[in-house]
Amino acid sequence: MSHTPHIDSAELQSLVEVDRVHRRCYSDPDIFELEMKNIFEKTWQYCGHESQIPKPGDYYTFQIGRQPMVMVRGEPSASHPEGAISVLYNRCPHRGVQVCGSRAGNAGDKLTCPYHAWRFHYDGSLESVPLEKGYRDTRFDRNSPEFQMTKAEASDSYRGFIFARLAEGPNLLDWMGPAKIAIDDMCDRSPVGKVEVVFPSNRVVQRSNWKFFMENQIDAVHPSVTHMSTGQAAAEVERKIQRQTGEKPLHYHMLSAFTTPFEKWDTLVNTGYPYGHIVFSGYMGLRPTDPDTRAHEAVLEQAYGKAKMEEYLDRNIHHVLLYPAVSIQSPLQQLRVLRPVAADRTLSEIWHFRLVGAPEAIYRRALWYFNLVNSPATLINADDLENWQRGQKGLSASGSDWVSFHRDYGRDKDDGSVLESTNGCSEAPMRSQFRAWLKFMTVNH
Amino acid sequence: MTNKQAQTAPDLALQHEVEQFLYRQSELLDNKQWQSYIDLFQPEQGMYWMPLLPSHTHWDGTPSIFVEDVDLMTVRMKRVTHPNAWSQQAEWGTSHVVSNVAIESIDAAGEIHVRSRFHMMELRRDDLRHFGGSYRHQLVRTADGLRIKLQRVDLFNAQSPFEYVLQIWV
C-alpha cells in the first residue's frame, strides 16, 4: 500500500484561491497520493460497460485510485437473468495475489487464485480452499469478510455503464446529478435506448497530471491555438475535395472545426456542478440534413414519436465531464476514462460505443472521429499531449508558483453550488472543478 | 512459402524489385520525404491501414490506428509541416529496418501480395521508442512503376498502452 501523506486542511486551502491555484496541485507527489485517497477512492468511478463482459465469468480489470479492481459477470439468477455484475478488489484474501491476471478474459468455472487454488464465486465469496482441515481450530472462518474477495463499498450501473465507489457516499444518480445527461444523450440516440462497446479500446499515456486532461476537455480557448496545424491542414484538403466533388465529407469538418475562431467558441456555455461535473453545451454540426441523418431521425421517430426524437437529437452537448475521471462526448458515442498513475503520469482508456438499432452509417460517422481524433495516431491529441507535458515540466519548476484561472472571474453565474459561465471561453469550469477538488481534499481531515 | 520450383530467374528479378521498393519506402520515412512517400500510393485507391487487432480483416467500418487514403495522408503531411504544429518542435527521427520480404502471390489482376517484417526505432527529445511488426503490401504495376494499393501494418505492440502517440506512418 502506498503511504498516506499528511497535509492539513489549512495547507490545502492555501493552495486554492478563487481565481488561481498553486502549481503543487499538479506536481506534488504527496498531493497526488491524497487525491487518490480522498477523491478517486471516495467517489464513484467508472469501471466499464456491461457489454464488455457479456457471459458469466467474463471479467475486466482496472484501477480505482491505487486499488486493482475487477468487474465480473455472474451466473444468471431469478433476480438477474443476465447475471449480476460484481466489482471486486482483484486480490486473493490468502496472500494478496491478483486473481484475474489479464486485462480482460473469462475466469472459467470459478475465480481461482493461481498461487494456492483458493476458489471464489463470481461475486467474490469463498467457494473452497484446499486442505481445509488444516484450518480446523484456527481463526480462519470461511464466512468472514476477511476470507472473501472484497467487494467495492458500492457498485451500480446506469443504462449499462458500471460505476463503483470504494467508500461511503451518495448514490450513483445523486452523484451524477444533471451530468447524467451525458449517458442519456448517448443511449437515447438508439431506438432501443441502448449502446454496446466497439472493441477494442485505445490506451494512451500522457506524461502529465490527470487534471490537465479534465481542464483541457472544457477549455474552449485552446482548440484554435493548439490544433491550428491540423485544423488548417484539414480545411485545405476539405476545400480541394469540395472543388472536385462538390461535397465536404463530414469527417473533414470534424478536424477543420478545430479552427473555429474564439468568438464562436465564446457562444458556448459551461455549467459546473457540486461534485465537480461539467456540462459543456455547444454544437459541432452533427445534426446535418444528409440522408444518413434523416434515416436516423426516421428510426428514432418510429421508436419514440416525433417530439421525443426532436428532443433527443436537439440536445446541445459538446462534452460532459463526470469528475474526476470521465469525459463523455455523447453525440459521437465516445468516452474517455482516466486511470492516474503518478502526479506526472496518466493512463487514459478511450472507448467507442455503437447505438443498438441505429443505422450503420451513424456508427461509421462516429467511427471517423474515433479513428482520426481518439486513436493512438490521433491528428488532434498529439498537440494536446505535447502541451500538457510541457505544462507538467513548467509546473514542476519553481519561479512562478501560480496557475491563472482569472479569465472572466467575477462574471460567473454562481449560486454557491452551480457555477455557470457567462461565455464559452471563460475559465469558470476550471474554477468550478477546483472548488469541488478542495472540498473532497479537505473533508474528514 | 515460396517453394524451390518458384525460384526461377524472373521471380528473383521481381523479388529484387519489390525489396528495393520496400527499402525505398522506409528510407523516405526516415528522411521525412512525406510527399514522395505519399506518391508511392495509388492516387485514387491507395490506402494506408494500421489495424488495432491482427484479427481485423478490412479497414472499412473497423476501429483502426491509421486508416488513410491519399487525401487524409495529405492532411497528416500538411499538419506535421505546418509551422504551428507544436508537437513537431521537439527534435525527432526514426530508423526503419525492413526484412523477411516474401512475395506471397500474384493474383489474376497482376496485383502482387508481399509480406515483410519491420523494426523501427524512434527518438523524440531524449526518449527512445521501439516498434515492430509486419507489413502486407498489395502492389500494382503502373506506368510509373510499382504503386501501393493497400499497405496493412500490424504493429506488434498495437495493444499495449501508447507512450505518447504516433504522429506519422510507421
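Sparse packing (at most 16 other Cβ atoms within 10 Å of the Cβ) combined with a DSSP loop state is found for the following trypsin sites (Lys or Arg not before Pro) in the stretch B:66-161: B:125. Spin-label pair residue B:143-residue A:136: with each label point 7 Å from Cα along the Cα-Cβ axis, the two points sit 9.3 nm from one another. With a ≥ b ≥ c taken as the square roots of the eigenvalues of the C-alpha gyration tensor of the stretch A:22-139, please select rounded if a/c is under 1.5 and otherwise prolate if a/b is larger than b/c or oblate if it is not? Since a/c reaches 1.5 but b/c is at least a/b, the shape of the stretch A:22-139 is classed as oblate. Label positions at residue A:240 and residue A:439, each projected 7 Å from the Cα along the C-beta direction, are separated by 5.1 nm. Restricting the GluC sites (Glu not before Pro) of the stretch A:162-237 to loop positions (DSSP other than H, G, I, E, B) with no more than 14 neighbouring Cβ atoms within 10 Å leaves A:168. So which lysines pass the test for residue B:149, namely a Cα distance under 29 Å, with those fewer than 8 places away in the same chain ruled out? Straight-line reach from residue B:149, under 29 Å: A:240, A:248, B:4, B:32, B:78.
One Cα centroid belongs to the stretch A:118-163, the other to the stretch A:1-48; the line between them spans 31 Å. Highest GNM mean-square fluctuation among A:137, A:219, A:156, for chain A modelled with Cα contacts below 10 Å: A:137.
Classification of chain A by its C-alpha gyration tensor yields an oblate form. The axis ratio a/c (a ≥ b ≥ c) is 1.5 or more, and b/c is at least a/b. Bridging of residue A:37 to lysines at a Cα separation below 18 Å is possible for A:151, A:211, A:439, once same-chain residues fewer than 8 apart are set aside. Chymotrypsin sites (Phe, Trp or Tyr not before Pro) within the stretch A:47-115: which are DSSP loop residues with at most 15 other Cβ atoms inside 10 Å? Qualifying residues, ordered by number: A:115.
With K and R counted +1 and D and E -1, the other residues having a Cβ less than 12 Å from that of residue A:374 yield a net charge of 0.
Every cysteine in the protein assembly as shown with no other Cys Cβ under 4.7 Å from its Cβ, please list them in numeric order. Flagged as lacking a Cys partner: A:25, A:47, A:100, A:187, A:425. For the segment A:197-208, counting C-beta atoms of other chains within 10 Å of every residue's C-beta and taking the mean gives 4. When A:91, A:345, A:165 are compared by accessible area at a 1.4 angstrom probe, the order from most to least is A:91, A:345, A:165.
Straight-distance candidates among the aspartates and glutamates for linking to residue A:180, with alpha-carbon spacing under 14 Å and chain neighbours fewer than 8 residues away dropped: A:156, A:188. In the complete set of protein chains, residue-level accessible area for residue B:96 is approximately 20 Å², probe 1.4 angstrom. In the assembled protein chains, residue A:356 presents an accessible area of approximately 40 Å² (probe radius 1.4 Å). Within 10 Å of the Cβ of each residue in A:224-230, the mean number of Cβ atoms contributed by other protein chains is 5.
The values are calculated or read from the model by the stated rules, or taken from the named source; none is laboratory data. It should be emphasised that the depicted structure is a prediction, and the values quoted were computed from it without experimental measurement. Neighbour counts are summed over all protein chains in view; Cβ atoms, including those assigned to glycine, are modelled from backbone coordinates with ideal geometry. Surface areas here come from the heavy atoms of the whole protein model, side chains and all, with no ligands, DNA or RNA. Shrake-Rupley method; radii C 1.70, N 1.55, O 1.52, S 1.80 Å.
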